[in-house]
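K.L.:
Pasting in a structure now, in structure tokens, and then I'll have a few things to ask.
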Amino acid sequence: MTSYFSNLPIIAILAPFLGAFLVGLMGGRKKLLNVQRSIAIATTFTSFLSLIYLIKPVILDKYIVAYWMGNWKPESQWAIGIGLEVDAFSLFTALIIAAACFLSAIYSFKYMEEDNGLDKYYVLFQLLSASMIGFVLTGDVFNMYVMLEIMTFAAIALTSFRNHLYKSVEAGFKYIVIGSLGSSFILLGTILLYSQLHTLNLAQMAALLHGNYTPVSILALAFMLTGYAVKAFMVPCHTWPVDAHMAAPSSISMLLSGIMSKTGVYALVRILYMIYQSTGRPEMEFLIIFWGTITMLVGITMAVVQTDFKRLLAFSSVSQIGYIMVGFGVGLSVNKGVAVVGTMGALFHMLNHATFKSLLFLCAGAVLHQTGTTDLNKLGGLSKKMPYTTAFFIIGTLSISGIPPFNGFVSKWLIYQASFEAGYAPVTIIALMASVLTLASLIKVIQSVFFGQLKEEYKDVKEVPLFMRIPMMVLSAICIIVGVVPNFVSKYLIEPAAFSIYNIGNYIDVMFEKGYAAKMFKETVSIPSMDYTLAGYWNPLSWLILFMILLIALILFFSFGYKSSNNKVIDDLINTRYETFTGGEKEDYNHLGENDMFWGMRQDFGRYFRFIKGAHSGVVNDYVLWVVAACAIVTIYLFTLM
Amino acid sequence: MKKFFTWFSLTIITVISIYVSYKMAIMTQLHPTYEGIANLIVNDTLQKTGAINSCTAIVFDFRGYDTLGESFVLFTAITGSAAILRKYKRR
Amino acid sequence: MKKNIIIKNSIIKSCANITLPIALILGIYVILHGHLSPGGGFQGGVLIAGAVAIVFTAYGYKEVLSLFNAERAKTFEDIGALGYVFLGTLGLIYGYTFCTNVLWHSTPGKLYSSGTIFWMNFAVGYKVLAGLGFLIIMLVSNLYQTSEYEDEEEK
Amino acid sequence: MLLNYIGSFLIIILGLYITIVKKNLIKIVIGMSLMDSGINLLLISIGFRQGGTAPIFMSDLKPGAFFVDPVPQALTLTSIVIGACVTALALSLVIKIKAHYGSIDADKVRRLNG
């Protein structure tokens, strides 16, 4: 209930910033390179540590840290300064971010040793980490925008860091066009809100906007939703991350996919749950669930047809964001018991996605570092040469596809349950399908990268050095531990975060004074009654059996699909891979890899796949058009229904 | 298809934004002077910060943390440009 | 290799000779009087960094390289940013929160008034002039490099 | 202020139109920059009040004079700097794209597709 004063949040934000300037001051001297690396590790660790010290007051004792910049406390109940506000949800996201940045800093120690200009890499890396932490800890809408811009620019520059590759530069350009379009939408929404409410503080906006919707604020909502959807990879705006993840160095892909998408999700949750207080609005619930489902479906179907390792992982990360958004969409439901399950599932999936997607990207980076390519058609049989990486990758695969002993199962189960109980049964079915397809697409990767026959040119490949293995080890340990003791994690991390999302009145009161929220809402704000009875009601063993049955059914489906299409007259003559199967062995060994594992399915749904692949045309203008069209559609939807 | 979507979305946004600007103009007419945080800031500038220019007082004092972020944006962009334009060499 | 991107003639040169000192002095004035008159650190810094652009337009690339040291400009930018962070941290040292306006406050209207605001203006101005100057030098120097890539595979 | 709001929205939409339709990468950057300008204009217009003066405590202020809203002006400063940064980064990327692809046509810069 009461606020809590602490300097730790600002230390967590400023440590990497200061580190960035120190590294910049050293310049590109080769002697100091190890010092620069150590500074990056030390500063990210400092911010992680200072956030860990906040766990006790914020998560266990349920205080909220309110920190007014420049000592400008609110006067006459108007927030004149900028305030940092750390509640359990912010701290939860910030902890994920800081931990991942720390692991990524360790990983870059060896991974980035072959590039030049490493001082710039570390400057940008620390700016990226600091701005992400600053983004989630702040309580001011405009400050969120500023931090978002630092984040975007640092991420763009890091995406194009290996600028001798054409793909890095192209991905960077697409990123900056679409990313700054999203940022412009966010700024537009922010200033429209300012014109109505004359404040920039998050808590005060929530207090003033309660029951006070006007066309101005609805247009602002549409712009902000689209803008943050760009940052969170929601579907019509998901085109930049795919290119960026593919082109960036893997230590950065990990941050982009595992962590930066979470900042977009965080902002969407803050907007929907806090500023606009849409809890209990069925139209908003439907919008978010529908959007999440589309994201899930398009992401995973695109992932199945990819032939590049990192691009496939990027598309699958788009589909995972769909799961998270479905969870948060259910969280807006009127039915409190179901809503809590949805929110908890989404929060749990945020944590889990950060761990297993980071793990998968680090494995991809390990393969890239040792072999020099991520093309699935060129790789093969690395399991004997890189046993640790193979093991970590299999752990990641099983987690992401929700196989019971691992962590993905817990969160996915919560989301299935929530969406089913909220009355969205088709969404549950699509989510199950997407989960199976995730497993399928990653099995394809395992098949064509780690198993199969070793190719000639990779005879001398070695296991990655220890510095790169440590982060992977930590992440896979987290995957297993969270999967084994989900109740512990859910009790001490997820439940406080979910509670703080719903406890708007307290969030506002802490920033201003006791009773301010009740005064503005013109009604008493009750502490939300959280009903956790539905959450965690599952039986892993029976679900394992069900999953086995599903898997067997899928295998049968694919084998039948393959046989039936084998007899068809194939109109797609350009597909030369077909010859591998009909015209004998093309290579001296039959390498059952690449896309051919799902050849039958691709043939059966050929029209859909051709359409969706053609839609991702690679032209920047089209991608911009998608974002603008999404904005227009959201605008129409909100104006007709609100 | 592309043309249709272009004109459709741009028309929608234009129409709705003109409607919203109309509403905003009405809102501003209701309050001929500023209100909210601006009111307090203008009243307190001289006593509390000692800066004659309220705009600078906001930029460097009330919202000094934003300016910190802003200068970091510039720093990031410049370092980023330097990183992008550098000559790539392999060790 | 495009050598003559800008045609240098005497009109541009003499105009530059007149405008350059004015731009520099105006920039310094705007930075110093940020809390008293319209303007501030950013605006003044941009004005001063415009000097690089003026020198480039009038005298060409080689003169820019001989006058300005790009590496040093980069270092100065770091120093400016660190200075800003240090001024913000003064608030913590005095026992308030980050970015608090401490130091002395004399009569409003004097040059040395308004506490940290004056020094923050200075730090930001310094940072911006160094940073933007560096940016212009870098972009200009890229016009004179021809680099063709044959799109090698990774690594 | 109706005209200002509509005008700035139209500039934003013009910027969007340029980014969607024009195929030259430099023109796309110009479109983004135009959008930023539109947003800055909107921001300034939101702060404007009829009859207000610049927010500086001059000695020759008439009694009854009042300032325009200074907060959006401070925000505009940030927004302008960010717009300039977008342009700088995007242009340096265009330089690199030209070096790699030999072209700045958006239809040719599409090797990452599907």
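The values are calculated or read from the model by the stated rules, or taken from the named source; none is laboratory data. Remember, it's a predicted structure, so these values are computed and weren't measured experimentally. In this analysis, Cβ positions are derived from the backbone assuming ideal geometry, glycine residues included, and neighbour counts consider all displayed protein chains.
K.L.:
Of the numbered conditions (1) in a loop (DSSP other than H, G, I, E, B); (2) surrounded by fewer than 24 Cβ atoms within 10 Å (Cβ to Cβ), A:G402 fails exactly one; give the number of that condition.
P.N.:
All conditions pass for A:G402, except number (2).
K.L.:
Let me ask something else about it. Quick one: is B:K3 over 18 Å from C:Y84 (Cβ atoms), within 8 Å of chain A (Cβ to nearest Cβ), part of a helix (DSSP H, G or I) and of a type in the set (D, E, K, R)?
P.N.:
So B:K3 does not fit the description; no.
For (1) within 9 Å of chain A (Cβ to nearest Cβ); (2) more than 12 Å from A:G172 (Cβ to Cβ), each residue gets a yes or a no:
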| position | (1), (2) |
| --- | --- |
| D:T76 | no, yes |
| D:S79 | yes, yes |
| D:I82 | yes, yes |
| D:A88 | no, yes |
| D:V94 | yes, no |
| D:A99 | yes, yes |
| D:S103 | no, yes |
| D:A106 | yes, yes |
| D:R110 | yes, yes |
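K.L.:
Report, by residue number, each residue of segment B:35-77 that is farther than 21 Å from A:F153 by Cβ, more than 8 Å from chain A (Cβ to nearest Cβ) and among the aliphatic types (A, V, I, L, M).
P.N.:
B:V42, B:L46, B:A51, B:I52, B:A57, B:I58
K.L.:
Output yes when any residue across segment A:184-195 is within 11 Å of chain B (Cβ to nearest Cβ), on the phi > 0 side of the Ramachandran plot and at pLDDT below 90, and no when none is.
P.N.:
Of segment A:184-195, the ones within 11 Å of chain B (Cβ to nearest Cβ) are A:185, A:188, A:191-192, A:194-195.
From what's left, on the phi > 0 side of the Ramachandran plot: none.
Scanning segment A:184-195, I find no residue that is within 11 Å of chain B (Cβ to nearest Cβ), on the phi > 0 side of the Ramachandran plot and at pLDDT below 90, so the answer is no.
This table checks each residue for (1) surrounded by fewer than 15 Cβ atoms within 10 Å (Cβ to Cβ); (2) of a type in the set (A, V, I, L, M, F, W, C).
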site: C:K13; (1), (2): yes, no
site: C:A23; (1), (2): no, yes
site: C:Y29; (1), (2): yes, no
site: C:F56; (1), (2): no, yes
site: C:G60; (1), (2): no, no
site: C:V64; (1), (2): no, yes
site: C:A73; (1), (2): no, yes
site: C:Y112; (1), (2): yes, no
site: C:T116; (1), (2): no, no
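K.L.:
Output the number of residues of segment A:127-144 satisfying the condition of being within 9 Å of chain B (Cβ to nearest Cβ) and either more than 18 Å from the chain's Cα centre (by Cα) or not hydrophobic (A, V, I, L, M, F, W, C) (or both).
P.N.:
Of the residues in segment A:127-144, 7 are within 9 Å of chain B (Cβ to nearest Cβ) and either more than 18 Å from the chain's Cα centre (by Cα) or not hydrophobic (A, V, I, L, M, F, W, C) (or both).
K.L.:
Given the conditions (1) under 21 Å from A:V624 (Cβ atoms); (2) touching a strand residue (DSSP E or B) at 6+ places or on another chain (Cβ under 9 Å), and given that A:A203 satisfies all but one, which numbered condition is not satisfied?
P.N.:
Result: A:A203 fails condition (1) only.
Each row is one residue, and each column tells you yes or no for (1) within 12 Å of chain B (Cβ to nearest Cβ); (2) under 12 Å from the mean Cα position of the chain (by Cα).
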| site | (1), (2) |
| --- | --- |
| C:G50 | no, yes |
| C:T57 | no, no |
| C:N69 | no, no |
| C:I79 | yes, no |
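K.L.:
So which of A:F92, A:F17, A:F102 ends up being among the aromatic types (F, W, Y), within 14 Å of another protein chain (Cβ to nearest Cβ), in a helix (DSSP H, G or I) and buried (at least 18 other Cβ atoms within 10 Å of the Cβ)? Quick ask: steps written out before the conclusion?
P.N.:
Working: A:F92 fails: within 14 Å of another protein chain (Cβ to nearest Cβ); A:F102 fails: within 14 Å of another protein chain (Cβ to nearest Cβ).
None of the other options fit; the residue is A:F17.
K.L.:
Under 25 Å from A:L165 (Cβ atoms) and assigned by TED's automatic domain parsing to the domain that holds A:A203: which single residue out of A:S90, A:S104 fits that description? Lay out the reasoning, then the answer.
P.N.:
Numbers: A:S90 fails: under 25 Å from A:L165 (Cβ atoms).
Exactly one residue qualifies, and that residue is A:S104.
K.L.:
Just checking: which of the helices (runs of 4 or more DSSP H) contained wholly in segment A:434-533 hold 2 or more residues that are in contact with a strand residue (DSSP E or B) (Cβ under 8 Å, 6 or more places away or on another chain) and either within 29 Å of A:L332 (Cα to Cα) or modelled with pLDDT under 80 (or both)?
P.N.:
A:504-511
K.L.:
Right, something else. Quick check, is A:N143 touching a strand residue (DSSP E or B) at 6+ places or on another chain (Cβ under 7 Å), surrounded by 24 or more Cβ atoms within 10 Å (Cβ to Cβ) and not basic (K, R)? Reasoning before the result, please.
P.N.:
Working: touching a strand residue (DSSP E or B) at 6+ places or on another chain (Cβ under 7 Å): no; surrounded by 24 or more Cβ atoms within 10 Å (Cβ to Cβ): yes; not basic (K, R): yes.
Here the answer is no, as A:N143 does not meet what is asked.
K.L.:
Looking at segment A:36-89, which of the residues that are within 23 Å of the chain's Cα centre (by Cα) and in a strand (DSSP E or B) is surrounded by the fewest Cβ atoms within 10 Å (Cβ to Cβ)?
P.N.:
Only one residue fits best here, namely A:E85.
K.L.:
I would also like to ask the following. I'd like the residue in segment D:14-53 that is β-branched (V, I, T), within 13 Å of chain B (Cβ to nearest Cβ) and without any contact (Cβ under 8 Å) to a residue 24 or more places away in the chain and, out of all such residues, is farthest from A:L181 (Cα to Cα).
P.N.:
So, considering only residues that are β-branched (V, I, T), within 13 Å of chain B (Cβ to nearest Cβ) and without any contact (Cβ under 8 Å) to a residue 24 or more places away in the chain, the one farthest from A:L181 (Cα to Cα) is D:T53.
K.L.:
Okay, moving on. Mind listing whichever residues of segment A:53-89 are β-branched (V, I, T) and within 14 Å of chain B (Cβ to nearest Cβ)?
P.N.:
Within segment A:53-89, A:I80, A:I82 qualify.
K.L.:
Moving to a separate point now. Give A:T428, A:T355, A:T373, A:T389 a once-over and let me know the one that is at pLDDT below 85, among the hydroxyl-bearing types (S, T, Y) and assigned by TED's automatic domain parsing to the domain that holds A:K262.
P.N.:
A:T373
Listed here are the residues, each with its yes/no results for (1) at pLDDT 90 or above; (2) surrounded by 24 or more Cβ atoms within 10 Å (Cβ to Cβ); (3) part of a helix (DSSP H, G or I).
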site	(1), (2), (3)
A:M246	no, yes, yes
A:K262	yes, yes, yes
A:L268	yes, no, yes
A:T279	no, no, no
A:A303	no, yes, yes
A:A314	yes, yes, yes
A:G327	yes, yes, yes
A:S333	no, yes, no
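K.L.:
Tell me which residues, restricted to segment A:213-236, are over 24 Å from B:I58 (Cβ atoms) and either at the interface with another protein chain (Cβ under 8 Å from one of its Cβ atoms) or without any contact (Cβ under 8 Å) to a residue 12 or more places away in the chain (or both).
P.N.:
Answer for segment A:213-236, where residues must be over 24 Å from B:I58 (Cβ atoms) and either at the interface with another protein chain (Cβ under 8 Å from one of its Cβ atoms) or without any contact (Cβ under 8 Å) to a residue 12 or more places away in the chain (or both): A:T214, A:P215, A:L219.
K.L.:
Residue under question is C:I25, and the condition is that it be closer than 28 Å to B:A51 by Cα, of a type in the set (V, I, T) and without any contact (Cβ under 8 Å) to a residue 12 or more places away in the chain; does it hold?
P.N.:
Values: closer than 28 Å to B:A51 by Cα: yes; of a type in the set (V, I, T): yes; without any contact (Cβ under 8 Å) to a residue 12 or more places away in the chain: yes.
Yes.
K.L.:
Let me ask something additional. Give the residues of segment A:4-54 that are more than 23 Å from A:I97 (Cβ to Cβ) and among the polar types (S, T, N, Q), sorted by residue number.
P.N.:
Answer for segment A:4-54, where residues must be more than 23 Å from A:I97 (Cβ to Cβ) and among the polar types (S, T, N, Q): just A:N34.
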